[in-house]
Amino acid sequence: MSIKCCGTTHIGSKRVENQDCFGIYTIAGATLCVVCDGMGGHAGGATASGTARDVFVAAVRESLEDAGAQLTVPTFRHALERGASLANSAVRTAADNAEALAGMGTTLVALLLCENVGGCFVNVGDSRMYDITSASITQLTHDHSYVQHLVDMGQMSEAEARVSPVRNVITRAVGIDDTVRPDLRSVDISLPPDGKRWILLCSDGLSGSVSDEIIHTVVCDGGTPEEKVNGLVGLANAAGGPDNITVLLVQLS
């Protein structure tokens, strides 16, 4: 199996600072992809996302290197859960120690995969992960947002949620509370009959501006991963670019 990763982040058309960040890493033979979308004012958002990413990656690296050759799905899950917990503590501590950073937090979505093991992801907040094949696009993450809660309760439709004035209010974030409740799930990385599968991670600067159907079309069309990622950022900006935009594409073949 070939695993190719490409990511980019863009300030968007309306914001004065990019508080998103991402990273792609190779650790102990596994691939780790991370996207964070910070919040908390001029100083806080960028600090929260960068701190969370760096502490999360260091914790995952330590867990995987300690495991040595014994990489398994449970090892992946433990590494991701521990990483999210330590990232939460780091962001929380930084916010408590500096008045300018009070109340800061960040989303976190991360994928850890290896051909011989499989894949797992962790998610906190409303950044997303999609599984994409030539036949379909499936959102793997569940948004931790107020509007998603209303949708789950049957009090709002998906269409209404997309345009709601409170659609950016999230119900879970890294660094807001003393403990964090991440979602952890396995990911199917097997190849479909045509040998093509993509996993896309993104901040809501993409998912809030570009429909799933258009994302699917762009990813499945011809072109390099770099062209697909840049094309999606361009579409988000063409739709107004109201938020920072981060897109990370994993191509499996």
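What do you reckon, how do ASP126, ASP178 stack up by accessible area (1.4 Å probe), largest on top? Kindly include the intermediate steps, with their values, before the conclusion.
On the way: ASP126 10, ASP178 115 Å².
Descending order: ASP178, ASP126.
Residues of segment 173-213 with backbone nitrogen within less than 11 Å of a virtual label 7 Å along the Cα-to-Cβ line of SER253, please, listed as ranges.
Flagged as within label range: 195-197.
Simple spin-label model, 7 Å along Cα-to-Cβ: ALA239 to THR138 in nm?
Each label point lies 7 Å from its Cα, and together they span 2.2 nm.
For THR133, THR51, what's the largest-to-smallest order of accessible area, 1.4 Å probe?
Details: THR133 15, THR51 40 Å².
Of THR133, THR51, the descending order of accessible area is THR51, THR133.
Tell me the relative contact order for segment 1-61 as a rounded percent, counting alpha carbon contacts under 8 Å between residues six or more apart. If you can, show how the numbers build up before the last one.
Values: 74 pairs, mean separation 15.6, N = 61.
RCO, segment 1-61: 26 percent.
Taking 7 Å along the Cα-to-C-beta vector as the label spot, tell me the ALA102-VAL73 distance in nanometres, rounded to one decimal.
Those two pseudo-labels are separated by 4.6 nm.
If I take every Cα pair under 8 Å that is 6 or more residues apart in the chain, average their sequence separation and divide by the length, what percent do I get for the relative contact order?
On the way: 587 pairs, mean separation 68.9, N = 253.
Reported relative contact order: 27 percent.
Which length gain, in nm to one decimal place, applies between TYR25 and LEU150 when the Cα-Cα distance is subtracted from 0.36 nm times their residue separation?
On the way: separation 125, 0.36 × 125 = 45.00 nm, distance 3.60 nm.
My answer for the length gained is 41.4 nm.
Report the gain in length on full extension from GLU158 to ILE214: 0.36 nm times residue separation, minus Cα-Cα distance, nm rounded to one decimal.
On the way: separation 56, 0.36 × 56 = 20.16 nm, distance 1.66 nm.
The GLU158-ILE214 span can extend by a further 18.5 nm.
For segment 135-242, what is the relative contact order in percent, using Cα pairs closer than 8 Å and at least 6 residues apart in sequence? Each step should come with its number before you reach the end.
Working: 58 pairs, mean separation 24.0, N = 108.
Here the relative contact order equals 22 percent.
To the nearest µm²/s, what D does Stokes-Einstein give for the chain at 10 °C and 1.306 mPa s, using the Kirkwood radius over alpha carbon pairs as Rh? Walk me through the intermediate numbers first.
Values: Rh = 18.2 Å.
Estimated via Stokes-Einstein, D reaches 87 µm²/s.
Can you give the helix-only mean residue ellipticity at 222 nm for the chain, where every DSSP H stretch with n ≥ 4 adds -39500 (n - 2.57) and the sum goes over all residues, rounded to the nearest 500 deg cm²/dmol?
On the way: 7 runs with 92 residues, N = 253.
Result for the chain, helices only: -11500 deg cm²/dmol.
Could you tell me what percent of the accessible area of the chain is made up of carbon and sulfur, with a 1.4 Å probe and every protein chain present? If you can, show how the numbers build up before the last one.
Details: 5400 of 10800 Å².
Roughly 50 percent of what the probe reaches on the chain is carbon or sulfur.
Report the local net charge at ARG181: Lys and Arg +1, Asp and Glu -1, summed over other residues whose C-beta lies under 12 Å from its C-beta.
On the way: positive: ARG172; negative: GLU81, ASP177, ASP178, ASP183.
Net of charged neighbours comes to -3.
Within straight cross-link reach of LYS196, meaning Cα distance under 26 Å, which lysines are found once same-chain residues fewer than 8 apart are removed?
LYS4, LYS228
Given a 1.4 Å probe, how much area per residue of the chain is accessible, in Å²? Please report the intermediate quantities before stating the final value.
Working: 10800 Å² over 253 residues.
Per residue, the chain has 43 Å² of solvent-accessible surface.
The values are calculated or read from the model by the stated rules, or taken from the named source; none is laboratory data. Source: prediction; values computed, not measured. Note that each Cβ is placed from the backbone with ideal geometry, even for glycine, and that neighbours are counted across all protein chains shown. Surface areas here come from the heavy atoms of the whole protein model, side chains and all, with no ligands, DNA or RNA. Shrake-Rupley method; radii C 1.70, N 1.55, O 1.52, S 1.80 Å.
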